[in-house]
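The values are calculated or read from the model by the stated rules, or taken from the named source; none is laboratory data. Given the structure is predicted, the values throughout are model-derived calculations rather than measurements. A quick note on method: Cβ atoms are made from the backbone with ideal geometry, for glycine too, and the neighbour counts reach across all protein chains shown. The accessibility values were calculated without ligands, DNA or RNA, using every heavy atom of the protein model including side chains. Shrake-Rupley method; radii C 1.70, N 1.55, O 1.52, S 1.80 Å.
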Amino acid sequence: MTLVKIWIFGIFSLFFCGTLSCHAEHFKLGSYAQSDPFFLELLQAALNAADGDHTLENYSLVRYNQARTLSELSHGQAPFNLYLTGHDKDREQTLLQIDIPLTKGLLGTRVLFVQPKSDAKINQVTSFEDLKTFTFASGTTWPDTPILKHNGLTVVPAPNESLPIMLARQRVDIYPRSVMEWERNKEALERYFKRGEILLNTHVILKYKSDLFFYMNKSDTKHAAILQQGLERIMENGVYDRMFKKTSNLQIALDAVMKHNPVVFELENPRLSKRVQNIPEKYWYQFPAKP
């Protein structure tokens, strides 16, 4: 279902419906207990900005794994009609994706935890070719791993729990982690920081286009048109940016790393679909140019 079809259906439905119920749709977001409350607030703001008087309910997925969640939603069997998850080409085919990247692409931004002995060398990096002389630790099943390899970096895959140990024991030079997980990673690596085995490098950031999107059942074009309209409006009228700065943990992490004016290298993401590549640049975060 293309964006054009979603909008045509939405406009058609609103034009030919004169009852109040046509403008009062109910959205039920399936979410896990650990979900960032920022996204629920973002969703509510989008529904408030859309035409109509819509309601929102949070449905707990405590008894669901992600495979069941996606399966039931795609087959129209879910007790919720909306789900938030990372982009995936398969999900794009089986579900209806709302084409607004919810962190403006910052999900794909990586800060670098490094060995102390590598930190000074990384601070001298001026080109992406320079990074190819270092080794990177990455989770065996993480989406980062094939992306890093695709861009010509030397990657040592390992189970998640082994990665900081590999870095601390100097088996690799760099351990890239999402800026979205900044606080959690700092806490998890605290003992290594205290022993002087790991540092956060402030000179280099990696980024590739990736994000979280809202997904619905493919036939649910009415709700999709409403949500698309609302998200576009809060992106364009400044509401999103104000909410992001005020309530998102991501803003805290971003401020902490950007104050050092790092070099930002953009990686090509071979897993990115044409549909996501065609999302207008205004919906993606633009890092300031390094003077």
Original post:
Based solely on its DSSP helices, what 222 nm [θ] is calculated for the chain when runs of n ≥ 4 H residues each add -39,500 (n - 2.57) and the sum is averaged over all residues, nearest 500 deg cm²/dmol?
Top reply: -11000 deg cm²/dmol
Original post:
Residue by residue, what Karplus-based ³J(HN,Hα) values in Hz, rounded to whole numbers, does the stretch 155-161 have, using 6.51, -1.76 and 1.60 with θ = phi - 60° and x for Gly and Pro?
Top reply: 10, 10, x, 7, x, 3, 5
Original post:
How large is ³J(HN,Hα) for each residue in the stretch 186-195, as worked out from phi by the Karplus curve 6.51 cos²θ - 1.76 cosθ + 1.60 (θ = phi - 60°), to whole Hz, x for Gly and Pro?
Top reply: 4, 5, 5, 9, 3, 5, 6, 4, 4, 8
Subject >> Charge-dipole axis of the chain as Lys and Arg at +1 and Asp and Glu at -1 on Cβ define it, positive-most pick from Gly52, Met243, Ile147 >> reply: Ile147
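With a 1.4 Å probe and every protein chain kept in, tell me what percent of the accessible surface of the chain is carbon plus sulfur. Numbers along the way, then the final one.
Details: 7600 of 14330 Å².
So the carbon and sulfur contribution to the accessible surface is 53 percent.
With an 8 Å cut-off on Cα pairs and a minimum separation of 6 or more residues, tell me the relative contact order of the chain in percent.
The normalised contact order for the chain reaches 28 percent.
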Subject >> Global form of the stretch 20-169, assessed from the alpha-carbon gyration tensor, a/c cut-off 1.5 >> reply: prolate
**OP:** Tell me the trypsin sites (Lys or Arg not before Pro) within the stretch 120-149 that lie in a loop according to DSSP and have at most 16 other beta-carbon atoms within 10 Å.
**Re:** Lys132
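Give, to the nearest whole percent, the P(r) tail of the stretch 151-267 beyond 23 angstrom, counting all Cα pairs. It would help to have the intermediate numbers written out before the result.
Values: 3335 of 6786 pairs.
Value for the stretch 151-267: 49 percent of Cα pairs lie more than 23 Å apart.
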**OP:** Provide, for q = 0.13, 0.15 Å⁻¹, the log10 of I(q)/I(0) from a solvent-free Debye sum over equal Cα point scatterers in the chain.
**Re:** -0.95, -1.19
Subject >> Cα-based helix-to-principal-axis angle, 249-258 vs the chain, degrees rounded to 10 >> reply: 40 degrees
**OP:** Measure nothing but the geometry: give the 0 to 90° angle between the long axis through the Cα atoms of 221-236 and the longest principal axis through the Cα atoms of the chain, rounded to 10°.
**Re:** 50 degrees
Subject >> Partners for Lys117 among aspartates and glutamates (Cα-Cα distance below 20 Å; same-chain residues under 8 apart left out) >> reply: Glu129, Asp130, Asp173, Glu190, Glu197
**OP:** Evaluate the Debye formula for the stretch 85-234 with equal point scatterers sitting on the alpha carbons, no solvent, and hand back log10 of I(q)/I(0) at q = 0.10, 0.11, 0.13, 0.17 Å⁻¹, in q order, two decimals.
**Re:** -0.44, -0.51, -0.67, -0.95
Original post:
Can you tell which of Asp99, Asp119, Asp130 shows the greatest fluctuation in a Gaussian network model of the chain with Cα springs below 10 Å?
Top reply: Asp130
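Taking 31 Å as the cut-off for C-alpha to C-alpha distance, list the pairs among Lys121/Lys245; Lys132/Lys218; Lys121/Lys259; Lys121/Lys149 that go past it.
Details: Lys121/Lys245 33 Å; Lys132/Lys218 42 Å; Lys121/Lys259 20 Å; Lys121/Lys149 21 Å.
Exceeds cut-off: Lys121/Lys245; Lys132/Lys218.
Which links in Lys207/Lys246; Lys207/Lys274; Lys28/Lys274 stretch past 25 Å when you go from one Cα to the other? Walk me through the numbers on the way to the answer.
Numbers: Lys207/Lys246 23 Å; Lys207/Lys274 18 Å; Lys28/Lys274 29 Å.
Violating the 25 Å Cα-Cα cut-off are Lys28/Lys274.
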**OP:** Please go through the stretch 243-291 and write out the trypsin sites (Lys or Arg not before Pro) that DSSP classes as loop and that have at most 11 other C-beta atoms within 10 Å.
**Re:** Lys259
Subject >> the stretch 223-291: GluC sites (Glu not before Pro) falling in loop per DSSP and having at most 14 other Cβ within 10 Å >> reply: Glu268
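Only bridges whose two residues both fall in the chain count here: according to DSSP, what percent of them are antiparallel, nearest 5? If you can, show how the numbers build up before the last one.
Values: 18 of 36 bridges.
Of the beta bridges lying entirely in the chain, close to 50 percent run antiparallel.
With every protein chain kept in place and ligands, DNA and RNA left out, what is the accessible area per residue of the stretch 109-232? Probe 1.4 Å, answer in Å².
Values: 5180 Å² over 124 residues.
Accessible area per residue, the stretch 109-232: 42 Å².
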**OP:** Could you pull out every residue, at least 5 positions away or on a different chain, whose amide H is within less than 5 Å of the one on Ser138? Hs are placed 1.01 Å off N in the peptide plane, and Pro or chain starts have none.
**Re:** Val156, Ala158
Subject >> Residues with amide H under 5 Å from that of Ile198, placed H, sequence gap 5 or more >> reply: Phe193
Original post:
Just how far, in whole angstrom, is the stretch 236-291 from the stretch 31-87 if you go by their alpha carbon centroids?
Top reply: 23 Å
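Quick one: putting +1 on the C-beta of Lys and Arg, -1 on the C-beta of Asp and Glu, what dipole do you get for the chain around its Cα centre, in Debye to the nearest 20?
Details: 34 positive and 31 negative charges, 142 e Å.
Dipole of the chain, to the nearest 20 debye: 680 debye.
With a ≥ b ≥ c taken as the square roots of the eigenvalues of the C-alpha gyration tensor of the stretch 239-291, please select rounded if a/c is under 1.5 and otherwise prolate if a/b is larger than b/c or oblate if it is not?
Details: a/c = 2.17, a/b = 1.29, b/c = 1.69.
Oblate, since a/c reaches 1.5 and b/c is not below a/b.
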